[in-house]
Amino acid sequence: MQNNTENQVYAGFFVRLAAYIIDWIIVGCVLLVVKFPLWIATVASPDNFIVKDFIFSYSVKDIVLYLLGVLYFILLTYFTGATLGKRAMRLRVVSSEQRKMTLFEVAYRETVGRFLSKIIIFIGYFMIGPDREKRALHDRLADTRVVYYHVREVEIPPTVVYRESAPIYSNGPMQGQMVNEQKSDF
């Protein structure tokens, strides 16, 4: 595959932040469908195993909600190269080698990579600013880039219909005679 890295425009911090906010609004709305029944189960039975702490201070409910949220990012990035938020901002995640990323690479980027980017006051995300290729820590770890993509629109010219035109007559000294419009190269 041909390397198109010289034609790529890397996405900066604020456009990626906007895409991430759009994604979390979408994920939040979708997870309401799951959260509402879980809330009812919690109210009905506060000692339910679903809401009791299971691992450290996380319950089964917390783990399920996390997994559903991260699945959104993993599956959309793997299958389409972009989440809905990235699509709205015309962004795409690409491998530095210009190949389709494996499911493991995407899962690593979206879980371990994002966790490490957030761990110390989100410093992994602020790395986007000074980096020449606008890579966050999770992009560096997974060897990916977030680039702009533009749908190439092909403009089809309108159909041109040629019709025969009426002969052109000169109003000069030879009135009524037809003037030859063709030019000679001699």
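What follows is calculated from the coordinates using simple rules that are stated; it is not laboratory data. Treat the numbers as computed from the prediction; the structure is a model and nothing was measured. Methodologically, a virtual Cβ is constructed for each residue, glycine included, from the backbone with ideal geometry; neighbour enumeration extends over all protein chains shown.
Once the piece of chain linking Ser45 and Ile121 is laid out straight, how much longer is it, given 0.36 nm per residue of separation minus the C-alpha distance between them? Numbers along the way, then the final one.
Working: separation 76, 0.36 × 76 = 27.36 nm, distance 3.67 nm.
Full extension from Ser45 to Ile121 adds 23.7 nm.
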Check your understanding: When the Karplus curve 6.51 cos²θ - 1.76 cosθ + 1.60 is applied with θ = phi - 60°, which whole-Hz ³J(HN,Hα) does each residue of segment 101-106 get, with x for Gly and Pro?
Key -> 6, 7, 4, 5, 4, 5
Review point. Considering amide H positions built from the backbone, and no H for Pro or chain starts, which residues 5 or more places from Leu91, or on another chain, come under 5 Å of its amide H?
Key: Tyr149
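Which of the trypsin sites (Lys or Arg not before Pro) found in segment 1-110 are in a DSSP loop and have at most 14 neighbouring Cβ atoms, other than their own, within 10 Å?
Numbers: sites: Arg16, Lys35, Lys52, Lys61, Lys86, Arg87, Arg90, Arg92, Arg99, Lys100, Arg109; in loops: Lys52, Arg90, Arg99, Lys100.
When the trypsin sites (Lys or Arg not before Pro) of segment 1-110 are filtered for loop state and at most 14 Cβ neighbours within 10 Å, Lys52, Arg99, Lys100 remain.
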Check your understanding: Once amide H atoms are placed 1.01 Å from N in the peptide plane, what residues at a sequence separation of 5 or more from Phe54, or on another chain, have their amide H within under 5 Å of its amide H?
Key -> Ser59, Val60
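Are there GluC sites (Glu not before Pro) in segment 59-116 that DSSP marks as loop and that have at most 12 other Cβ atoms within 10 Å, and which are they? Show your work: numbers first, answer last.
Numbers: sites: Glu97, Glu105, Glu110; in loops: Glu97.
Filter output for segment 59-116: Glu97.
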Review point. Past the 31 Å Cα-Cα mark, which pairs from Lys61/Lys100; Lys100/Lys134; Lys52/Lys86; Lys35/Lys100; Lys61/Lys86; Lys52/Lys134?
Key: Lys61/Lys100; Lys52/Lys86; Lys35/Lys100; Lys52/Lys134
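Eigenvalues of the Cα gyration tensor times 5, then square-rooted: what semi-axes does that give for segment 7-148, in whole angstrom, largest first? All intermediate terms of the calculation are to be shown ahead of the outcome.
Numbers: eigenvalues 202, 48, 37 Å².
Square roots of five times the eigenvalues give 32, 16, 14 Å.
For Ala19, what charge total do you get from the other residues with a beta carbon under 11 Å from its beta carbon, if Lys and Arg give +1 and Asp and Glu give -1? Don't jump to the answer; show the numbers that get you there.
Working: positive: Arg16, Lys86, Arg87, Arg90, Arg92; negative: Asp23.
The answer is +4.
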